[in-house]
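Every number in this text was worked out from the coordinates using simple rules, so none of it is lab data. Worth saying up front: this structure is predicted, and the values here are computed from it rather than measured. Glycine also receives a Cβ, built like all others from the backbone with ideal geometry; neighbour counts cover every protein chain displayed.
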Amino acid sequence: MANVTVYNIEGKKVGTLELNDAVFGVEINQHLVHMAVVQQLANKRQGTQSAKTRAEVSGGGRKPWRQKGTGHARQGSTRSPQWKGGGVVFAPKPRDYSFKMNKKEKALAIKSALTSRVNESKFFVLDDINFDEIKTKKMKAVLDNLKIEKALVVLDKKNDNVQLSARNLPKVRTVLSNSINVYDILKYDTLVLTKDAVAQIEEVYA
């Protein structure tokens with residue numbers, strides 16, 4: 001089992017923590033990691049794009065001019081795609097892009113993403129994090145102490161002071177341990193977790 005250093009919010013070492021290999025030391029499955037990211041992005045798509053085909057555009061039932069003798073190219077409708085105001089060829093229609101992954105696949109994808117952060121030494125554990133007021137400067141100081149710029153901060157419980165203090169930092173996102181996902185883990189360079197958040201994740205995924 002891997003051991004990681006536990007820090008306080010001043011960036012000082014205060015102990016070590018043994019990580020469960022069943023969660024943070026698995027064989028990385030790149031295919032499932034990729035699939036989980038694609039699924040999350042696909043599920044976010046609205047899929048509301050729409051345009052009318054020539055059959056759906058109103059009007060155009062009358063032939064604009066007779067077939068022969070005018071010198072014009074023959075035309076059957078003013079709603080053909082080549083006309084201004086005409087229909088669109090193979091017009092896009094609303095569709096649902098979402099797809100499902102089974103629970104075991106999703107769990108292995110998350111464990112693979114967590115393992116990759118541990119292997120890359122981009123995994124920091126805090127003994128606890130709490131502020132007595134909402135102050136962006138305080139959250140920035142915590143990350144500066146750890147020499148981190150872009151981070152996903154994982155909390156064990158809702159904490160308005162911490163979450164709102166991080167909100168104005170463009171490269172920082174806070175989530176609860178029960179809301180972690182592959183996309184966020186990979187999007188942010190570094191994972192910062194509270195000690196209790198690590199325990200909660202191990203309880204769910206071990």
### Query
Within straight cross-link reach of LYS93, meaning Cα distance under 18 Å, which lysines are found once same-chain residues fewer than 8 apart are removed?
LYS44, LYS52
### Query
Each residue of segment 166-177 in turn: what ³J(HN,Hα) in whole Hz from Karplus with 6.51, -1.76, 1.60 and θ = phi - 60°, glycine and Pro shown as x?
8, 4, 8, 8, x, 9, 10, 9, 10, 9, 7, 4
### Message
List the aspartates and glutamates whose Cα sits under 18 Å from the Cα of LYS135, skipping any in the same chain fewer than 8 residues away.
### Response
GLU10, ASP144, GLU149, ASP160
### Query
What 222 nm value per residue comes from the helices of the chain, counting each DSSP H run with n ≥ 4 as -39,500 (n - 2.57) and dividing by all residues, nearest 500 deg cm²/dmol?
-10000 deg cm²/dmol
### Message
If I build a Gaussian network model for the chain, linking alpha-carbon pairs within less than 10 angstrom, which residue out of SER116, SER50, SER98 has the largest mean-square fluctuation?
### Response
SER50
### Per-residue ³J(HN,Hα) for segment 82-96, Karplus 6.51 cos²θ - 1.76 cosθ + 1.60, θ = phi - 60°, Hz, x for Gly and Pro
7, 8, 5, x, x, x, 9, 6, 6, 4, x, 10, x, 8, 9
### Task
Could you please report the charge total around PRO92, scoring K, R as +1 and D, E as -1 over all other residues with beta-carbon less than 15 angstrom from its beta-carbon?
+3
### Message
List the lysines whose Cα sits under 25 Å from the Cα of LYS138, skipping any in the same chain fewer than 8 residues away.
### Response
LYS12, LYS13, LYS122, LYS147, LYS150, LYS157, LYS158, LYS171, LYS187, LYS195
### Task
Please list, in chain and number order, the residues 5+ apart from VAL125 or on another chain whose amide H is under 5 Å from its amide H, with Hs placed from the backbone.
TYR7, LEU193
### Query
Modelled label-to-label distance, ALA2 and GLN30, 7 Å Cα→beta-carbon offset: nm?
1.8
